Amino acid sequence: MQKNHPIATVIKNYLNKKSKMVTDARKEIQRRFHGLDWKDQKTILNAFLESGKVDREWAYSMLLDWWDPIFEPKVRELWETYQEYKCAWVIMRHFPKDYIKKHIEEFDKGGRDYYFICRRLSEDADFTIDKSKLSPEDYLMALYHGHRHIEDEEAKDVLFTIVSKLCMHTMPYMELPTFHVTIRGKVFIASDFRKVSIGVYYLEEMGKMDVVEAFRSWEKDVLYSVIESDEYEALCKKTLSDHNYGEELAFIVQKHLYHALPVKYKTLTDEEYDKKMVDTSASEMGFSDRLKYDEYLDFLNNQGAE
């Protein structure tokens, strides 16, 4: 059983960098932090902010939920000195909006940084959301959380853009939710895939029901095309693990989604797409998986000859 020392003693041991007890004190502080009084927590956070990078980063992660304006001057000083990524998280969540707007280029380092900037600023009427810096699903989320309006035609474009991006994914099965369970005899639909589901959800939340209903009708047509396809019939006759069955089904659904896309969302002909996706996927796989794709390519070629 671990023994708890008086927290004042533990903090003192941590602050004494010349002692041999700093590491043990750090571990005990981090283990006990959530159960301490706010006064002690503030002392600890200040101490960690005055320490090295690893300890500062731990303090930044705590400050996301344990914030007080007294930390603002120190966090500002650290940001302007080091521009550490986790420090930016704290600023984006807690600093005045004027500070964020003034330094917006410093916070936008790529990835999803701009999305979190939008989450903080999008409710301000004078903030313009730059759609080009967001993924389609993040764009819809930013609009929703900022209480912004979207026209039906743009909503449709964004949703089908999400589908077109899914169609270019080399492992579509990985785009299903982590909790997804493959059920034999049940075919995936477009909105089973995580990012498409996000898009549909936020359009529903924004009241774009006409767009969503039209999309539901479209994905139902794709479902029927999969069920009636020779690929799906052949898949159902194979002896496969549930995982491998799900992977192969995802590829079949992906192909039918692309074929059914309105032309404006396509960059390749259907024939070019089929060959590209097989070639791309095969180039990233081992020998046994290549055999599967060679078999699938032969199937596609035979289909085209009929």
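Here are the numbers for the structure shown:
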| quantity | calculated |
| --- | --- |
| Residue match in the stretch 37-45 (condition: touching a Leu at 6+ places or on another chain (Cβ under 8 Å), β-branched (Val, Ile, Thr), touching a residue at least 24 places away in the same chain (Cβ under 8 Å) and under 22 Å from Leu15 (Cα atoms)) | yes |
| Filter result (open to solvent by 50 Å² or more (accessible area, probe 1.4 Å) and either in a loop (DSSP other than H, G, I, E, B) or in contact with a helix residue (DSSP H, G or I) (Cβ under 7 Å, 6 or more places away or on another chain) (or both)) within the stretch 58-69 | Asp65, Trp66, Trp67 |
| The stretch 231-251 residues that are within 18 Å of Thr178 (Cβ to Cβ) and touching a residue at least 24 places away in the same chain (Cβ under 8 Å), paired with ones that are open to solvent by 40 Å² or more (accessible area, probe 1.4 Å) and of a type in the set (D, E, K, R) (beta carbon under 8 Å, 6 or more apart) | Asp242/Arg184; Tyr245/Arg184; Tyr245/Lys238 |
| Candidate set from the stretch 71-89 (those that are open to solvent by less than 20 Å² (accessible area, probe 1.4 Å) and either at pLDDT below 95 or in contact with a Lys or Arg (Cβ under 9 Å, 6 or more places away or on another chain) (or both)); member that is nearest to Ala142 (Cα to Cα) | Ala88 |
| Any hit, the stretch 119-133, residues being part of a helix (DSSP H, G or I), closer than 30 Å to Trp58 by Cβ and in contact with a His (Cβ under 8 Å, 6 or more places away or on another chain) | yes |
| Answer residue from the stretch 90-126, given it is of a type in the set (Lys, Arg) and within 23 Å of the chain's Cα centre (by Cα) and is nearest to Glu137 (Cα to Cα) among those | Arg112 |
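The values are calculated or read from the model by the stated rules, or taken from the named source; none is laboratory data. Just so you know, these numbers come straight off a predicted model, no measurement behind them. Reconstructed Cβ throughout: ideal geometry from the backbone, glycine too, with neighbour counts over all protein chains shown. Areas reflect the complete protein model, heavy atoms only, side chains present, ligands, DNA and RNA absent. Shrake-Rupley method; radii C 1.70, N 1.55, O 1.52, S 1.80 Å.
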